[in-house]
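Asks: I'd like to ask you about the structure that follows.
The values are calculated or read from the model by the stated rules, or taken from the named source; none is laboratory data. Because the structure is predicted, anything quoted here is derived from the model rather than measured. Glycine gets a Cβ as well: all are built from the backbone with ideal geometry, and neighbour counts include every protein chain shown.
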Amino acid sequence: MNFVITVLTLTVRFSAALLIASLGEMFNQRSGIFNLGCEGIMCMGAFMGMLIPFSYAGAEAVPFYINLLGLLGGLASGIVLGLFFGLIVITFRAPQGIAGIGLQMLGVGIAGTLFRSYIGGTQSISGISSFDIPLLSQIPVVGKIFFTHNPIVYIAYLMVPLASYIIFKTPWGMKVRAVGTNPRAADSLGINVNRIRYQALATGGAMAGLAGAFLTLCQAKMFNADIISGRGFIAVALVYFGHWKPSRIMFGAILFTFAQTLQTQIQIFVPSFKYYEFLNMLPYVLVIAVLAISRESNKLGPSALGKPFNREMRT
């Protein structure tokens, strides 16, 4: 029973970063922009999330507002990289796939270089701690699984209905979906296609940066070059898996994190288990299998995804 509770508790906790990044990528893709650079944005956000509180007091405990500044620093760095990516693929109309890979390498490279320059080596920070919600955390089993987490975890899950409302119920969300489906028709109705796409990239970049800052401030409480560990690419895949809908994306994030948490906890609870390699690849095999099964449904996605918009040409 302890094994099951531990796996489920850690699944809820560790899925937060992946969920935030995936929701941000959803806004990108809904507007017609395919951003493979999510990994680089998350890495830069992770570094900024650590740099601010570490510069204030090193490994010592810092006031909550300093950690909050770290989160905002990660978010701001995501906006900057998101807008930079927009300059490349929207204004200059570079191929989105290649530009995304370039952004991934740029973000990881800048974060690693700044980390070695300003921090030098692996250092810990106090970060933002988890806390038990009074009364609710005392509920048997359920309380431990759902009500003993970091506040950012709860915010991540609250983003799901919020993102759904924004993308499906607000005028801006309608414009995002319009420019991702038929940008020329949207342009004929007076919608500034490029502006909406820039706004979507800023939104997605902010969320990816926040997800990276979450990893350093709330989960690992340290930074290293491999802290993202492919989560940015998984976030891109989960948007396809979730059919561009926040609730389904949340389910995909939980499913992937459950598989990942399961393999780590089996190694802890069952040290005699011999098939570690199989367990390590299980989460990624699961993602590939799910994407393969749902490939027909993915045809329902934004029809202009990955296609640059040129108002002067019939493209």
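Asks: How many residues does the stretch 188-231 hold that are of a type in the set (Phe, Trp, Tyr), buried (at least 24 other Cβ atoms within 10 Å of the Cβ) and part of a helix (DSSP H, G or I)?
Replies: Taking the stretch 188-231 first, the residues of a type in the set (Phe, Trp, Tyr) are 198, 214, 223.
Checking which are buried (at least 24 other Cβ atoms within 10 Å of the Cβ) leaves us with 214, 223.
Still in the running and part of a helix (DSSP H, G or I): 214.
Residues flagged as of a type in the set (Phe, Trp, Tyr), buried (at least 24 other Cβ atoms within 10 Å of the Cβ) and part of a helix (DSSP H, G or I) within the stretch 188-231 amount to 1.
Asks: Follow-up. Taking the condition of a type in the set (A, V, I, L, M, F, W, C) and either in contact with a strand residue (DSSP E or B) (Cβ under 7 Å, 6 or more places away or on another chain) or modelled with pLDDT under 95 (or both), does Ile196 pass?
Replies: Details: of a type in the set (A, V, I, L, M, F, W, C): yes; either in contact with a strand residue (DSSP E or B) (Cβ under 7 Å, 6 or more places away or on another chain) or modelled with pLDDT under 95 (or both): no.
Against the criterion (of a type in the set (A, V, I, L, M, F, W, C) and either in contact with a strand residue (DSSP E or B) (Cβ under 7 Å, 6 or more places away or on another chain) or modelled with pLDDT under 95 (or both)), Ile196 does not qualify.
Asks: Can we say Phe92 is of a type in the set (Phe, Trp, Tyr), under 30 Å from Ile5 (Cβ atoms) and exposed (fewer than 15 other Cβ atoms within 10 Å of the Cβ)?
Replies: Working: of a type in the set (Phe, Trp, Tyr): yes; under 30 Å from Ile5 (Cβ atoms): no; exposed (fewer than 15 other Cβ atoms within 10 Å of the Cβ): yes.
Spelling it out, it is not the case that Phe92 is of a type in the set (Phe, Trp, Tyr), under 30 Å from Ile5 (Cβ atoms) and exposed (fewer than 15 other Cβ atoms within 10 Å of the Cβ).
Asks: Out of (1) touching a residue at least 40 places away in the same chain (Cβ under 8 Å); (2) part of a helix (DSSP H, G or I); (3) among the small types (Gly, Ala, Ser), the odd one out for Ala59 is which?
Replies: (2)
Asks: List every residue pair whose Cβ atoms sit under 8 Å apart, with the two residues 6 or more apart in sequence or on different chains, where the first one lies in the stretch 188-215 and is more than 20 Å from Ala156 (Cα to Cα) and the second, anywhere, is modelled with pLDDT of 95 or more and surrounded by fewer than 20 Cβ atoms within 10 Å (Cβ to Cβ).
Replies: Correct list of pairs: Ile196/Trp172; Tyr198/Leu83; Gln199/Trp172.
Asks: Here are Gly24, Gly40, Gly45: which of them is crowded, with 24+ Cβ neighbours inside 10 Å, within 25 Å of His243 (Cβ to Cβ), at pLDDT 95 or above and touching a Leu at 6+ places or on another chain (Cβ under 9 Å)? Spell out the reasoning first.
Replies: Numbers: Gly40 fails: within 25 Å of His243 (Cβ to Cβ); Gly45 fails: within 25 Å of His243 (Cβ to Cβ).
Exactly one residue qualifies, and that residue is Gly24.
Asks: Taking the stretch 112-168 on its own, how many of its residues are of a type in the set (Gly, Ala, Ser) and at pLDDT 90 or above? Break it down into steps so the answer makes sense when it comes.
Replies: Step one: list which residues in the stretch 112-168 are of a type in the set (Gly, Ala, Ser), which gives 112, 117, 120-121, 124, 126-127, 129-130, 137, 143, 156, 163-164.
Still in the list and also at pLDDT 90 or above: 112, 143, 156, 163-164.
Going through the stretch 112-168 one residue at a time, the tally reaches 5.
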